[in-house]
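Shown next, in structure tokens, is the structure this report addresses.
The values are calculated or read from the model by the stated rules, or taken from the named source; none is laboratory data. Remember, predicted model here, so these are calculated numbers, not experimental data. When we count neighbours, we look across all protein chains shown, and the Cβ atoms used for this are built from the backbone with ideal geometry, even at glycine.
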Amino acid sequence: MYCVRCGVRLQDGTEFCPLCQTPVWNPGADRPEPGFPESLPPRHRESTLPGAIAMTVVSVLALAVTVIVCLHLYGALRWGGYVLGGILLFDIVAVLPLWFEEPRGEVFVPVDFLAAGLYVLYICRATHGHWFLSFAFPVILAAGLLTTAMVCLLKYVRGGRIFIFGGFLVLLGGFAVLVEFFEHLSFGTRMFTWSQYPLAGFGIVGLFLLIAGTIPPLREEIRRRFFF
């Protein structure tokens, strides 16, 4: 073994060249592969707080302008209710997490779906519809449970992400069939007119990931390419 800078012969186990102090590079030595951190670095409150304040101010102004315009023109909210609900829903989903240093997905995801359910309920009541309990409620509930379970598994289960994503895709295909089923019950539409396509697409990809997770070489290749 020789020094890469001055060419002097080196003894085995030498870490620095005794002549020029250049670190010894041994191509035959095992070098640890660079790894990825288990979690992202914590978000700093000062990095998101200005954006949260600015977006909250804009939302409050939008709410105030909507109420003033509707009351001035009609003496009632009318279409302003939809606007107010949409702004509040946006604040809950996108702005509220910015106020927290480390927002917890397992808490905010159910809150987001609850807010979406209340907004849809308002739309159903405002339009004198009868489809909330038979269609919107079970669909939003199923979507919320599925998404919350996905978030919790990714956060608290170490390893096996390829199985988590595979199972999620299979369930997502089944969720499409569930949506069409409640659509059929509520509105009398035909079954399997569109849900078969996401069922087949998500199901094939999901089953592939589940099978690939049991084959070590294929699992490692997918992990390296897609960071599972």
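Quick look at the numbers
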| quantity | calculated |
| --- | --- |
| Residue within region 103-113 that is modelled with pLDDT under 95, of a type outside the set (G, A, S) and farther than 29 Å from V60 by Cα present | no |
| Test: residue in region 122-130 that is of a type in the set (K, R) and over 16 Å from the mean Cα position of the chain (by Cα) | yes |
| For V107: the one exception among (1) more than 30 Å from F168 (Cα to Cα); (2) surrounded by fewer than 16 Cβ atoms within 10 Å (Cβ to Cβ); (3) β-branched (V, I, T) | (1) |
| Only one of F135, F168 that is within 23 Å of L209 (Cβ to Cβ), aromatic (F, W, Y) and at pLDDT 95 or above | F168 |
| Any hit, region 77-89, residues being surrounded by fewer than 17 Cβ atoms within 10 Å (Cβ to Cβ), without any contact (Cβ under 8 Å) to a residue 24 or more places away in the chain and in a helix (DSSP H, G or I) | no |
| Residue that is over 25 Å from P103 (Cα atoms), surrounded by fewer than 19 Cβ atoms within 10 Å (Cβ to Cβ), over 21 Å from the mean Cα position of the chain (by Cα) and charged (D, E, K, R), where the choices are R219, R224 | R219 |
| Neighbours by Cβ (under 8 Å, 6+ apart or cross-chain): first from region 196-209, closer than 15 Å to I164 by Cα; second part of a helix (DSSP H, G or I) and among the β-branched types (V, I, T) | F202/V170; G203/V170; G206/V170; L207/V170; L209/I162; L209/I222 |
| Residues within region 24-55 that are touching an Asp or Glu at 6+ places or on another chain (Cβ under 7 Å) and either outside any loop (DSSP other than H, G, I, E, B) or at pLDDT 75 or above (or both), tallied | 2 |
| Flag if L145 is within 30 Å of F208 (Cβ to Cβ), in contact with a Pro (Cβ under 8 Å, 6 or more places away or on another chain), of a type outside the set (F, W, Y) and at pLDDT 95 or above | no |
| Selected residue (only one of T193, T127, T189, T148 is polar (S, T, N, Q) and surrounded by 17 or more Cβ atoms within 10 Å (Cβ to Cβ)) | T148 |
